[in-house]
Every structure is written in structure tokens, then in C-alpha cells.
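Colleague: Structure in C-alpha cells, see below.
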Amino acid sequence: MVVPKVAVCPICGKKTYMRIEDGGYLKEYPVRFNCINCRALIKGTYNISLPGQKGLILYNAKVEECDVDANSERILNADYVVEISGELPCAKVKAFDGKIIKTTPFINATDKIDMMDRINRLSYFVKNMEEWKAWRSIAFQLLNEGSTDYVPEALKHMMGEYSYKCDNYLKALHCLQEVVQEETKHLFYPESEDDIIAGLIADLAVIDRDKLHQFVDDKGGTDTLVSDYRKVIEIFSTFMNIYPNILPAETYMRYKTPEPLLGIATCSFEDLKSFYQDAYESLLSLLYIPVCMDNILMRSDYTSFDSAITGFVNDPGFRGARGSDYAKYVGMDNGKKADLINNAEPIQKTLRIPVNKDLRNGIGHNNYKYDGLTQTITTFDYRRRNRIKMQTSLMDVALDCLGLARAAVVFGEILLFILRQELRADNMHSAIHPRFYKKVGQNDRCPCGSGLKYKKCCRNDIGEMKPIK
Ligand SMILES: [Zn+2]
Ligand SMILES: [Zn+2]
């Protein structure tokens, strides 16, 4: 169903006819669009459960009812028209000829995506977001601020749908990671999150434990792994703040055919740019970890890089850190490390970090323009500010934000895998989520990646878990 309303621009007074989707799944969503005349960004939320005003609250613009002339079927109080949906891509704001539009724009989506999948995905999103806001996020805030003592309490000693007595901090981190997996399940497409994680752990399982230990030792021990994991958790927590703003991009990712003219009515560039920049920097600062895992897996030494990296750091023209290849690589700037990601190597290929150096630099140096009407971001050359460096759409940036959050989940899994191997020596242990053990036999290799038989590894932990309902 489409709710018609008119927004009055607070700057120039021009009026925009809003065609708002009032669906049954999302209870609340953000609203963003620009006034065509003066470009003011109009912001608000739509809340379907709010009685009276039919749920629309604009923070910075007055709302009017449509003034419809019954004879001519024209809307008399509107200059522009925009579509607004919390979970679907929308037509961008454009000039309005006054003729009332009777058909709903959102019915078109039925041909573009699988409807059952859409309904399941949205009810899952709504339930998880409510739980996130109500209590789960507290555990992440605690870890973020450096305390692990109350994390198990905050997560109610639960691993997904199971009870799990968290008597060590490794178990608490695994319960946190389980929340991360649940919240981000639909960012993985077309392959499922479970398949990607199971494949990643299977690849890591064959790693030489002594060489892995040497890497961790040289890098500063398990404490540094925990602080790296906190970086990943920070990315995830900030992502949860913008997730409702980019839900239409998650839907668009599933469109059977691309529709590049469609826009997004739940965010503006300002909602996304800090997350993009911070997540990009954090992930690339941790990139050496998966690269070193590949070094051990492929060349049995964490300091043995692939030929592209070795060639680069040993080129006579190389101007960077001095010393070993490892020292030179770690000292490189993040952008260069991004250029040298090798998707032919087993661990790096699972990351799929959406890197756009020019966008990152445009944001970092405040050297960009955003056009809210076309929803286009343009960045400029650092030295010659009139020279265009790159152009991209708001939808593509939203898709990249989904990709950065997805990559953070994979980084989290890699860090927890390493922690499990290292803490085993201290007799500290944790299972991964029970669903990964469903098909495993007593004598099979354990799904946690330890390399041990299931009966000698996670069986006891899994046996202790009980379904909560
Ligand atoms: Zn205006
Ligand atoms: Zn195990």
C-alpha cells in the first residue's frame, strides 16, 4: 500500500509529493530525500505502528495532506515527486506534472526478487534488530570498551538458540561472534554465510600449528589478537547503526536484473561516509593477518609472500620501510596493500573487501561532491581539484558498506580460529555454533578446525548445550 503525503521544504518552500510504502514487515525505517529546487536534505522516519499521523515524522520539514482536485484528479500542492520505501530501491526525486499516480511503484519489485525470500529476510531483520537494540548490543559495548567480565551475562550465556555456560573469555567471544553471524546472515549472497565460514575453517584447519604459533608470538601474543577482534567488533557495532539505512541495497543485491537508475530513499551520503572510511581503514590494517595465513598455507612460512608482493617490495624503486619482506609489507600504506590482495590464495579470496581507494581518499581529504538528486558521488584529484578522479552512485556505496560488514565477519572468524589454536595450550576451549556440528561423526575431523577428531575436541561442549525453547 502507498501512503501519499506532501513535504514542504524548510528552506525554499517547494513541495514534494511523497509516495511512501506502508508494508507489513518493517515497523520503522529512515527517510531521506533532497529538495530539487534548493537541494536541502529532508530527513525523517516512517513508523507503521504509530497511530494518528500514519507514521511519517519529518525532522526538518512540515507535512501536508495531498490537496487533490476531484474533477481533474490532480494534486494541487506538489512540485516534485519521490518514492520512499524502507527496503526496496526507489525512483529518485523528480519534477511532478500534478497528475495523481494511482499504481503502486512497489508492485514491480515482485518480478525482481523472490517474494518468499523477501518476507523471510525482512521478518528476520526486524526480529534481530529489536533484540540488538533491546539487549544484545550491550555485550558489544562492553567488549568495545575493554571489559569482558560481564559479556557472558549480557548475552545471557546463550549461543544462538542454545544455552552455553561461558566460563572463559574465549567462549564469551564465540557467543558474541554468533550474534555477529546472525545479524549479518543476509549480507552473504549468493553463497550462504554458513558455507563461506565452513569453507574458510576447512582451509585454515590444515595450517601448520607451530608456524601459526610463531606468527602469533612475533606479533605480540594472544592479547593482540583480542584487541584485533575488538576492532572487528567495532566495525560490526557501527554497521548496525547504519544497517536500517542501507537495507534497500541488500534487496538490490538480489535483483535478477540490474536497474542502475533506481536510487535509495533511506540514506544520504553523510549517513554512510564515516562507516565506509573507518571500516575500510580498520580492515586493511588487519589485512596482513589473512595474508600471513596464506603465506603459511601456501609457502609454509608467514614471512614468505607471493611473487607480486615480493616483487614489489624488492623493486629498486620501492620507497618504504626497510628490513625484511615482512617489515616492508607491514609498513606499506593500506591502499597499496589493497592493490596487492591476491584472490588466488585460499584465505584472501574469502575476504572480498570492496576497496575503492579514490572514494576513501575523497572522503578522507574532504575532496568530494555529493549530488542528492542524481545520488552521485564525485571525487577529485588531490592536487588538481577540478580534475574528476571517480564517480559512483549512492547505491554502490551502500553495497560496499554491506561488503565491508561482510568482510568484517570473515576477519572475525579468522581471528577466532587463531585464538582457538593458541589458547588450547592454556586448556581454554570453545565450540563454534552447534549448527556446524550437525552432520559430523564421532571420528570425523572436528568442524572447529582444530584438526582433531570430533570426539576428542568439541563433543563435550556441544553435549552441554541445550536448546533454550
Ligand atoms: Zn528547497
Ligand atoms: Zn573442535
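Colleague: Can you pull out the residues in the stretch 3-14 that are among the β-branched types (Val, Ile, Thr) and open to solvent by 40 Å² or more (accessible area, probe 1.4 Å)?
Modeller: Within the stretch 3-14, just ILE11 meets the criteria.
Colleague: Please work out which one of (1) aliphatic (A, V, I, L, M); (2) under 23 Å from the mean Cα position of the chain (by Cα); (3) at pLDDT 95 or above; (4) open to solvent by 20 Å² or more (accessible area, probe 1.4 Å) is the condition ILE363 fails and give its number.
Modeller: Every condition holds for ILE363 apart from (4).
Colleague: Among TYR29, TYR17, TYR46, which is the only one that is outside any loop (DSSP other than H, G, I, E, B), within 16 Å of ligand 1 (Cβ to nearest atom) and open to solvent by less than 20 Å² (accessible area, probe 1.4 Å)?
Modeller: Working: TYR29 fails: within 16 Å of ligand 1 (Cβ to nearest atom); TYR46 fails: within 16 Å of ligand 1 (Cβ to nearest atom).
Within the list TYR29, TYR17, TYR46, the selection yields TYR17.
Colleague: Right, here's the next one. Are there any pairs, at least 6 apart or on different chains, whose C-beta atoms fall under 7 Å, with the first in the stretch 211-238 and on the phi < 0 side of the Ramachandran plot and the second open to solvent by 70 Å² or more (accessible area, probe 1.4 Å), and if so, which?
Modeller: That search, which allows pairs on different chains as well, returns THR238/ASP278.
Colleague: Among TYR80, TYR59, which is the only one that is in the same structural domain as ALA7 (by TED's automatic domain parsing) and under 18 Å from ASN245 (Cα atoms)?
Modeller: TYR59
Colleague: Test ILE84 against the stated conditions and say whether it is in contact (Cβ under 8 Å) with a residue 60 or more places away in the chain, more than 16 Å from ligand 1 (Cβ to nearest atom) and β-branched (Val, Ile, Thr).
Modeller: yes
Colleague: Quick check, is ALA279 surrounded by 16 or more Cβ atoms within 10 Å (Cβ to Cβ) and among the small types (Gly, Ala, Ser)?
Modeller: Spelling it out, ALA279 is indeed surrounded by 16 or more Cβ atoms within 10 Å (Cβ to Cβ) and among the small types (Gly, Ala, Ser).
Colleague: Failed condition for VAL440, given (1) touching a Pro at 6+ places or on another chain (Cβ under 8 Å); (2) in a helix (DSSP H, G or I), with all others met?
Modeller: For VAL440, the exception is condition (2).
Colleague: Another one. What are the pairs, 6+ residues apart or on separate chains, where a residue within the stretch 8-21 that is over 16 Å from GLY98 (Cα atoms) has its Cβ under 6 Å from a residue that is more than 16 Å from ligand 2 (Cβ to nearest atom) and open to solvent by 10 Å² or more (accessible area, probe 1.4 Å)?
Modeller: Every condition considered, the pairs that remain are CYS9/ALA40; PRO10/ASN60; PRO10/ALA61; ILE11/CYS38; ILE11/ALA40; CYS12/ASN37; CYS12/CYS38; GLU21/PHE106.
Colleague: Does LEU415 satisfy being within 16 Å of ligand 1 (Cβ to nearest atom) and either modelled with pLDDT of 95 or more or more than 24 Å from SER163 (Cα to Cα) (or both)? Walk me through how you get there before you give the answer.
Modeller: On the way: within 16 Å of ligand 1 (Cβ to nearest atom): no; either modelled with pLDDT of 95 or more or more than 24 Å from SER163 (Cα to Cα) (or both): yes.
For LEU415, the condition - within 16 Å of ligand 1 (Cβ to nearest atom) and either modelled with pLDDT of 95 or more or more than 24 Å from SER163 (Cα to Cα) (or both) - is not met.
Colleague: Of LYS456, LYS439, which residue is free of Cβ contacts under 8 Å to residues at least 12 places away in the same chain and either within 16 Å of ligand 1 (Cβ to nearest atom) or over 21 Å from LEU212 (Cβ atoms) (or both)?
Modeller: After ruling out the rest, the residue left standing is LYS439.
Colleague: Tell me, please, whether a residue that is of a type in the set (Val, Ile, Thr), within 25 Å of GLY451 (Cβ to Cβ) and assigned by TED's automatic domain parsing to the domain that holds ILE246 can be found in the stretch 167-186.
Modeller: Within the stretch 167-186, one or more residues are of a type in the set (Val, Ile, Thr), within 25 Å of GLY451 (Cβ to Cβ) and assigned by TED's automatic domain parsing to the domain that holds ILE246.
Colleague: Of all residues in the stretch 336-367, which are in contact (Cβ under 8 Å) with a residue 40 or more places away in the chain and part of a helix (DSSP H, G or I)?
Modeller: LYS337, ALA338, GLN348, THR350, LEU359, ARG360, ILE363, GLY364
Colleague: Could I ask something else about it? Do we find a residue being farther than 23 Å from PHE236 by Cα, out of contact with any His (no Cβ under 7 Å at 6 or more places or on another chain), of a type in the set (Phe, Trp, Tyr) and assigned by TED's automatic domain parsing to the domain that holds HIS174 anywhere in the stretch 399-418?
Modeller: No, every residue in the stretch 399-418 fails to be farther than 23 Å from PHE236 by Cα, out of contact with any His (no Cβ under 7 Å at 6 or more places or on another chain), of a type in the set (Phe, Trp, Tyr) and assigned by TED's automatic domain parsing to the domain that holds HIS174.
Colleague: Given the conditions (1) crowded, with 18+ Cβ neighbours inside 10 Å; (2) within 23 Å of LEU76 (Cβ to Cβ); (3) among the acidic types (Asp, Glu), and given that GLU64 satisfies all but one, which numbered condition is not satisfied?
Modeller: For GLU64, the exception is condition (1).
Colleague: Can you tell me how many residues in the stretch 428-469 are of a type in the set (A, V, I, L, M, F, W, C), more than 12 Å from ligand 2 (Cβ to nearest atom) and not assigned by TED's automatic domain parsing to the domain that holds ILE347?
Modeller: Residues meeting the conditions: 2.
Colleague: Return the only residue of MET395, MET390 being assigned by TED's automatic domain parsing to the domain that holds PRO190 and either open to solvent by 20 Å² or more (accessible area, probe 1.4 Å) or within 16 Å of ligand 1 (Cβ to nearest atom) (or both).
Modeller: On inspection, the qualifying residue turns out to be MET390.
Colleague: Within the stretch 198-302, considering only helices (runs of 4 or more DSSP H) that don't extend past its boundaries, which have at least 1 residues that are under 30 Å from PRO105 (Cα atoms)?
Modeller: Of the helices (runs of 4 or more DSSP H) lying wholly inside the stretch 198-302, those with at least 1 residues that are under 30 Å from PRO105 (Cα atoms) span 222-242, 247-252, 269-285.
The values are calculated or read from the model by the stated rules, or taken from the named source; none is laboratory data. Every value quoted in this text rests on a predicted model; they were computed, and no experiment measured them. FYI the Cβ positions are ideal-geometry reconstructions off the backbone, even for glycines, and counts take in every protein chain you see. Side chains included, ligands, DNA and RNA excluded: accessible areas come from the protein's heavy atoms. Shrake-Rupley method; radii C 1.70, N 1.55, O 1.52, S 1.80 Å.
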